[in-house]
Amino acid sequence: MNILSNTTENYKRWKEKKLESFTKNLDDLTVQINSPNAISKHEKFRVINLLTNHNIVFFHIDKIVNTDKLSIKNFADQIGLGNYELDSQSDNDGLTEIKDTQDKDKLSEYVPYTNKELNWHTDGYYTDQNNSVLAWMLFCKVAAESGGTNKYLDHEIAYILFNDKSDKLKDLMQHDACCIPTNILTNRKEVYNPVFMFRDEKLQMKFTMREKNVIWNKKSVQAINILKSIIMESSDYHIIKKLEPGNGVVTNNVIHMRTAFTNSKNKNRLLYRLRSKKRVTR
């Protein structure tokens, strides 16, 4: 729904429905999955319905011994994810192991592959609009000994909260609101993006709290600072969960962060990740 003004009746109805239906109750947002290789019609309906309404769904697989990479990929395919992003760390099918590689190789330059806090962001904020990450999944094989908790904020709610507080929404929808400079290591060219945009009448967001390698358009700086404050201060709308073994989460690329964590001597936190260029829809 491409609505730029909060004065329209359609926007008001959408906003009211969105805020009234919000829940941070994890039980309401979680689906139990019996077999990831062959999910039931009811399980699939629940997953897609929650994603459609809340842009996030948690799932739990009891038989964790059977959750190898292939079964997690099969689960993702069945709920409608696909056209997976491939990068230097992913398998040929797009699945990436997220773990602490600190002090080992160049990956330690990238915060997701360390045990450091990972600040608020959307996945793939550095990609151009034709290669956007529209949805992603995480599945926990091994949890951190302490820390490693995720917080999530629906980007549609962030859009509403910003629109309530500021009249500078159009500054965040400029095609060049944000510049990601050329990355020589990955051969990525300079990229310009808006923060909020609509694709197939669905709201999409590209955002990061980080200051390194991100250049905000001077016209957008004030709006960006307002947005950052809203994200940090809107704790009433933060969904908080630490993924334990057998837990997973799928989102339509909502804003999220991760606290720092500590591994035990014998166990290294391990999550499987898939990034999809397809959004999950009914």
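Only one of these conditions is not met by Ile180: (1) within 30 Å of Phe58 (Cα to Cα); (2) surrounded by 14 or more Cβ atoms within 10 Å (Cβ to Cβ); (3) β-branched (Val, Ile, Thr). Which number is it?
With respect to (1) within 30 Å of Phe58 (Cα to Cα); (2) surrounded by 14 or more Cβ atoms within 10 Å (Cβ to Cβ); (3) β-branched (Val, Ile, Thr), Ile180 is out only on (1).
Starting from region 222-244, keep only residues that are touching a residue at least 60 places away in the same chain (Cβ under 8 Å) and closer than 12 Å to Leu161 by Cα, then list their pairs with residues that are crowded, with 17+ Cβ neighbours inside 10 Å and of a type in the set (Asp, Glu) whose Cβ atoms are within a distance under 9 Å, requiring at least 6 positions of separation or different chains.
If the second residue must be crowded, with 17+ Cβ neighbours inside 10 Å and of a type in the set (Asp, Glu), the pairs left are Tyr237/Asp154.
Residues in region 1-31 that are in contact with a Phe, Trp or Tyr (Cβ under 6 Å, 6 or more places away or on another chain), modelled with pLDDT of 95 or more and not β-branched (Val, Ile, Thr): how many?
Total satisfying the criteria: 1.
Go through (1) in contact (Cβ under 8 Å) with a residue 60 or more places away in the chain; (2) surrounded by 20 or more Cβ atoms within 10 Å (Cβ to Cβ) one by one and return the number of the condition Lys165 breaks.
(2)
What number of residues in region 247-274 are touching a strand residue (DSSP E or B) at 6+ places or on another chain (Cβ under 8 Å) and either closer than 19 Å to Thr114 by Cβ or at pLDDT below 95 (or both)? Show your work before the answer.
Going residue by residue through region 247-274, those that are touching a strand residue (DSSP E or B) at 6+ places or on another chain (Cβ under 8 Å) are 247-262, 267-274.
Then keep just the ones that are either closer than 19 Å to Thr114 by Cβ or at pLDDT below 95 (or both); that gives 256-262, 267-273.
Of the residues in region 247-274, 14 are touching a strand residue (DSSP E or B) at 6+ places or on another chain (Cβ under 8 Å) and either closer than 19 Å to Thr114 by Cβ or at pLDDT below 95 (or both).
The values are calculated or read from the model by the stated rules, or taken from the named source; none is laboratory data. Worth saying up front: this structure is predicted, and the values here are computed from it rather than measured. As a convention, Cβ positions derive from the backbone with ideal geometry for all residues, glycine included, and neighbour counts pool all protein chains shown.
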